[in-house]
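Chemist: Here's a structure for you.
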Amino acid sequence: MWGGRAAPHPFGGANVDPVPVLIVGAGPVGMVAALELARQGVPSVLVDKEFETSSHPKLDYVNSRSMEFFRQLGIDDEVRSAGVAPEHEADVIWSTGLAGEPITSWKLPSVSQQWRRITETNDGTQPGQPGQRISQVELEPVLRARCRREPLIELRCGLRFDSLAQDDDAVTSHLVDVMTGEEVRLRSRYVIGCDGASSQVRLAVGIGEESFDVPGLPGAFMVHFKSRDLDTLHRHGKFWHYFAFRYIIIAQDEVDTWTVHVNGMEPTEFDTPPADPEAFLLETMQTDLKIDKVLLTSRWRPGFMIAERYREGRVLLAGDSAHRMFPTGAYGMNTGIGDAVDAAWKIAALVKGFGGVGLLDSYEAERYPVGLRNVHTSHRHLGVHLRAGELLRGGASPETVAAFLEAERGENEYRGVELGYRYNGSPIVCHEDAAEPPYSPAEYTPTTWPGGRPPSLLLEDGKAIYELFAPSFTLVDFAGDGRADALLEAAAAQGLPVSHQVVTDADARRIWERDLVLLRPDHHVAWRGNEAPRDPAAVVQHVRGVVR
Ligand SMILES: Cc1cc2nc3c(=O)[nH]c(=O)nc-3n(C[C@H](O)[C@H](O)[C@H](O)COP(=O)(O)OP(=O)(O)OC[C@H]3O[C@@H](n4cnc5c(N)ncnc54)[C@H](O)[C@@H]3O)c2cc1C
């Protein structure tokens with residue numbers, strides 16, 4: 001319950017029952033966790049120590065998988081409207097600098113081109129949604145407005161999480177009103193810590209971290225600014241990212257907003273930030289770029305981190321509180337969105353009563369390996385930058401560096417990493433003994449292998465198969481002859497909500513590999529078969545996390 005405040009209890013006056021879920025941190029990951037809980041019909045209290053959304057233009061790319069989740073939350077259109085317009089391509093230029101020479105470029109498609117590819121290549125290899133270029137500064141207000149409109153989300157800004165204590169039934173969190181200094185206590189059945197890389201929730205539950213810095217890149221200085229000087233900025237062509245080793249430029253909106261990150265060479269280089277950021281930038285870039293206005297500057301320290309555990313009792317970590325990576329590959333928030341959706345549907349199932357405690361164990365079993373792999377993949381992409389810089393400094397020709405960059409490309413293109421992760425170690429997936437289909441970081445292999453994300457397809461009537469999926473579990477049935485009945489009856493008997501979707505589409509059946517495919521609320525395959533399972537009740541118990 002709320003203590004020491006005149007504000008009414010968010011869920012009913014003097015009711016002392018714990019609220020279902022407290023989410024600490026209303027950054028992108030916390031907001032998505034709250035929205036997914038609401039989609040599942042479960043209320044949450046979402047607190048943030050700040051009153052405003054972030055003014056730091058950190059993320060600039062929401063990948064296809066996150067856009068699939070945004071689609072199911074019904075916010076895909078709003079995100080696209082606030083992001084870069086669909087006709088703009090996302091090319092990456094490598095060069096020795098605006099005052100130097102171009103080396104090579106990686107051509108990356110626009111949203112319109114991606115939609116065309118999705119329609120024309122209807123073989124299950126494509127995502128259901130194109131990725132979207134959008135700055136964190138633009139994305140967070142979209143999510144925030146949506147949270148404010150959602151009656152099941154109680155958003156409290158200006159509340160800082162301090163500490164917590166757990167007992168058998170609930171978690172008591174101690175929060176501080178940042179305006180008054182007053183302590184506020186809140187009891188909740190679960191806590192999701194989405195409070196970023198310096199997570200106080202992680203500290204409060206005593207979860208350690210494994211981290212490593214980047215010796216070749218000890219610090220960075222960011223200048224975010226307005227400029228309409230396209231003659232200078234587009235000297236080597238139009239770009240999304242312009243990589244010039246000493247600095248990178250990000251085109252945030254294809255209008256007039258840009259961010260430059262200057263890479264430090266010494267750990268102490270930016271201990272004293274440049275007094276005149278504009279002059280520093282022009283000197284670094286050796287150009288006479290006309291800057292209309294500097295919006296923001298900051299120093300930041302590149303590094304990698306993963307929490308040793310993702311859960312302690314009723315407290316789960318999601319997003320940067322669980323992992324921090326370098327921006328290469330754009331895996332930071334995108335990994336966090338996957339955490340948020342996974343945590344939210346499982347907690348919702350527990351709150352609604354049909355989920356078993358095995359769901360809590362499955363959270364770390366599923367998400368930790370994804371976080372670890374994405375940390376390593378962003379490190380792999382960063383290694384390409386560092387190695388290319390070494391080659392150049394070592395006197396390699398631009399052609400040699402270009403050949404290296406072409407051979408090692410993959411940043412923002414690794415579909416296997418974005419779409420193809422499989423929960424092979426999950427205790428709530430019905431695993432198979434057969435040989436697993438191949439996994440490649442670069443490509444998504446269309447498969448309904450249990451634990452993976454199923455192929456996205458357009459059906460004969462033009463509708464995307466993902467549009468058939470319910471907020472609850474979904475049984476996709478290509479047979480439609482009663483073979484699904486036993487599983488549906490077992491689910492009904494155990495209170496597991498399952499939407500039964502009969503699909504008559506021969507191509508989709510072939511690509512989906514089985515007649516019956518049971519999907520979870522996060523789309524991942526829980527079970528599949530051509531016949532009803534031998535023990536349908538056991539399958540239902542397993543996928544809803546009942547520990548026997
Ligand atoms: C230069 C750069 C580029 C990036 N590009 C991308 C990209 O293209 N794609 C991508 O996916 N990721 C990218 N990232 C990473 C991305 O910005 C982060 O992964 C993302 O912001 C993490 O979201 P989060 O909600 O977990 O944490 P945060 O965004 O850090 O949000 C945490 C929230 O918790 C609040 N909070 C903190 N402590 C407390 C407390 N004690 N009590 C209450 N509230 C608290 C904060 O005020 C904040 O609102 C980039 C990062 C950088 C630095």
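Chemist: Could you please put 202, 187, 148, 299 in sequence from largest to smallest accessible area, using a 1.4 Å probe?
Modeler: 148, 299, 187, 202
Chemist: Could you compute how much accessible surface residue 499 exposes when probed at 1.4 Å, giving the result in Å² to the nearest 10?
Modeler: 30 Å²
Chemist: May I ask you to compute the full-extension gain from residue 99 to residue 174, defined as 0.36 nm times their residue separation minus their alpha-carbon distance, rounded to one decimal in nm?
Modeler: Between residue 99 and residue 174, full extension yields an extra 21.6 nm.
Chemist: Counting other Cβ atoms within 10 Å, which GluC sites (Glu not before Pro) in the range 28-115 have at most 12 and lie in a DSSP loop?
Modeler: Loop-located and lightly packed - 52, 87.
Chemist: Report, to the nearest 10°, how far helix 332-352 tilts away from the longest principal axis of the Cα atoms in the chain, using its own Cα long axis and a range of 0 to 90°.
Modeler: 20 degrees
Chemist: Mind ranking 323, 174 by accessible surface for me, highest first, 1.4 Å probe?
Modeler: So, going from the largest accessible area down, we get 174, 323.
Chemist: Compute, for residue 507, the solvent-accessible surface of its heavy atoms (probe 1.4 Å) with the complete set of protein chains present, and express it in square angstrom to the nearest 10.
Modeler: Approximately 90 Å² for this residue.
Chemist: So, one more: In terms of solvent-accessible area of protein heavy atoms at a 1.4 angstrom probe, what is the ranking of 489, 366, 408, highest value first? Present the calculation step by step, with values, prior to reporting the outcome.
Modeler: Working: 489 120, 366 0, 408 65 Å².
Ranking 489, 366, 408 by accessible area, largest first, yields 489, 408, 366.
Chemist: Follow-up. Keeping every protein chain present and rolling a 1.4 Å probe, give me the accessible area per residue for the range 420-543 in Å².
Modeler: Roughly 40 Å² per residue, with all protein chains present.
Chemist: Rounded to the nearest 5, what is the percent of antiparallel bridges among the DSSP beta bridges in the chain?
Modeler: Restricted to the chain, the bridges split so that about 70 percent are antiparallel.
Chemist: Then there is this: With contacts defined as alpha carbon pairs under 8 Å and 6 or more residues apart, what's the relative contact order of the chain in percent? Present the calculation step by step, with values, prior to reporting the outcome.
Modeler: Details: 1178 pairs, mean separation 83.0, N = 548.
Reported relative contact order: 15 percent.
Chemist: Enter the angle in degrees (range 0 to 90, nearest 10) between the Cα long axis of helix 28-39 and the first principal axis of the Cα atoms of the chain, meaning the one along which they spread out most.
Modeler: Tilt of helix 28-39: around 20 degrees.
Chemist: What is the helix-to-structure angle for 358-393, meaning the angle in degrees between its Cα long axis and the longest Cα principal axis of the chain, kept from 0 to 90 and rounded to the nearest 10?
Modeler: With both axes taken from Cα atoms, the answer is about 20 degrees.
Chemist: Between the DSSP loop rule and a limit of at most 14 other Cβ atoms within 10 Å, which GluC sites (Glu not before Pro) in the range 113-211 are left?
Modeler: Listed in order of number, the matching sites are 182.
The values are calculated or read from the model by the stated rules, or taken from the named source; none is laboratory data. Note that this is a predicted model, so its numbers are computed, not measured. We place every Cβ from the backbone using ideal geometry, glycine too, and count neighbours over all the protein chains shown. Ligands, DNA and RNA are excluded from the accessible area calculation, which covers all protein heavy atoms including side chains. Shrake-Rupley method; radii C 1.70, N 1.55, O 1.52, S 1.80 Å.
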